[in-house]
Amino acid sequence: MIGHFDLATQVVQAAKARGVTIATAESCTGGMIAAALTDVAGSSSVFDRGFVTYSYPSKTEMLNVSEQLLNEFGAVSEPVARQMALGALAASSADITIAVTGVAGPGADGNKPEGLVWFGLASASGVETREANYGAIGRDNVRLATVETALGWLLDEITLDKV
């Protein structure tokens, strides 16, 4: 996580400067985004909470993700990333949430390749999703790339005052 410390520090500083609070909803990263943010001294003033929802039931119970969507599209999908981000916003007092769900590997998950990750970002101004495919770069690298992408997107949104 040391490589992400500077980016996480920038996110925390930008959030402090704008009075924005953050929550995370993570599947494939297992809490790594929350860990990166809370590694920064003083992050308690901007980090509200993190949801690690690895299983289908946890996504449904904690983030109100539709069982029907999970069964129809699978956890690694645009609609699930969208609902995870919105669910984290509803279940927290955060101003902005970032959600990630992906196939870290090793190997594919059914018809979804290793390295496929869906992101969701939600705030009062709405929800956006993005897809990344990092390829078969190994479990650790997929997870680290996902953390970097998520922190970068948070930083852009907060810095551009979209929250």
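The values are calculated or read from the model by the stated rules, or taken from the named source; none is laboratory data. Note that the coordinates shown come from a computational prediction; the quantities given were computed from them, not determined experimentally. For neighbour counting, all protein chains shown are included, and Cβ atoms are generated from backbone atoms with ideal geometry for every residue, glycine included.
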Per the filter on the stretch 49-89, residues closer than 18 Å to Gly110 by Cβ and of a type in the set (Lys, Arg) are Lys59
Picking from Phe73, Phe5, the residue that is at pLDDT below 95, over 21 Å from Ala91 (Cα atoms) and either among the hydrophobic types (A, V, I, L, M, F, W, C) or touching an Asp or Glu at 6+ places or on another chain (Cβ under 9 Å) (or both) would be Phe5
Filtering the stretch 116-154 down to residues that are in a helix (DSSP H, G or I) and either under 13 Å from the mean Cα position of the chain (by Cα) or on the phi > 0 side of the Ramachandran plot (or both) yields Arg143, Leu144, Ala145, Thr146, Val147, Glu148, Thr149, Ala150, Leu151, Gly152, Trp153, Leu154
- prompt: Within the stretch 22-30, is there a residue that is outside any helix (DSSP H, G or I) and without any contact (Cβ under 8 Å) to a residue 24 or more places away in the chain?
  reply: no
Within the stretch 1-21, of all residues that are closer than 19 Å to Arg143 by Cα and within 16 Å of the chain's Cα centre (by Cα), the one surrounded by the most Cβ atoms within 10 Å (Cβ to Cβ) is Val11
Condition set surrounded by fewer than 20 Cβ atoms within 10 Å (Cβ to Cβ) and not small (Gly, Ala, Ser), scope the stretch 22-39, selection nearest to Ala124 (Cα to Cα): answer is Thr38
Counting only residues that are over 15 Å from the mean Cα position of the chain (by Cα) and farther than 15 Å from Thr21 by Cβ, the stretch 59-101 contains a total of 12
(1) more than 26 Å from Asp39 (Cα to Cα); (2) in contact with a Lys or Arg (Cβ under 7 Å, 6 or more places away or on another chain); (3) crowded, with 16+ Cβ neighbours inside 10 Å all hold for Gly120 apart from (1)
Contact list, first residue from the stretch 123-151 and farther than 18 Å from Ala88 by Cα, second anywhere and in a helix (DSSP H, G or I) and of a type in the set (Val, Ile, Thr), beta-carbon distance below 6 Å, six or more apart or interchain, is Ala132/Thr149; Tyr134/Val142
Going through the stretch 100-117 in order, the residues found to be in contact with a strand residue (DSSP E or B) (Cβ under 6 Å, 6 or more places away or on another chain) and surrounded by fewer than 24 Cβ atoms within 10 Å (Cβ to Cβ) are Gly115, Leu116
| crowded, with 22+ Cβ neighbours inside 10 Å, within 22 Å of Gln10 (Cα to Cα), touching a helix residue (DSSP H, G or I) at 6+ places or on another chain (Cβ under 7 Å) and among the polar types (S, T, N, Q) - does that describe any residue in the stretch 82-99? | yes
Across (1) surrounded by 24 or more Cβ atoms within 10 Å (Cβ to Cβ); (2) under 18 Å from Thr29 (Cα atoms), Glu131 clears everything bar (1)
Looking across the stretch 144-154 at residues that are under 16 Å from Ala23 (Cβ atoms) and touching a Leu at 6+ places or on another chain (Cβ under 7 Å), the single one that is surrounded by the most Cβ atoms within 10 Å (Cβ to Cβ) is Leu151
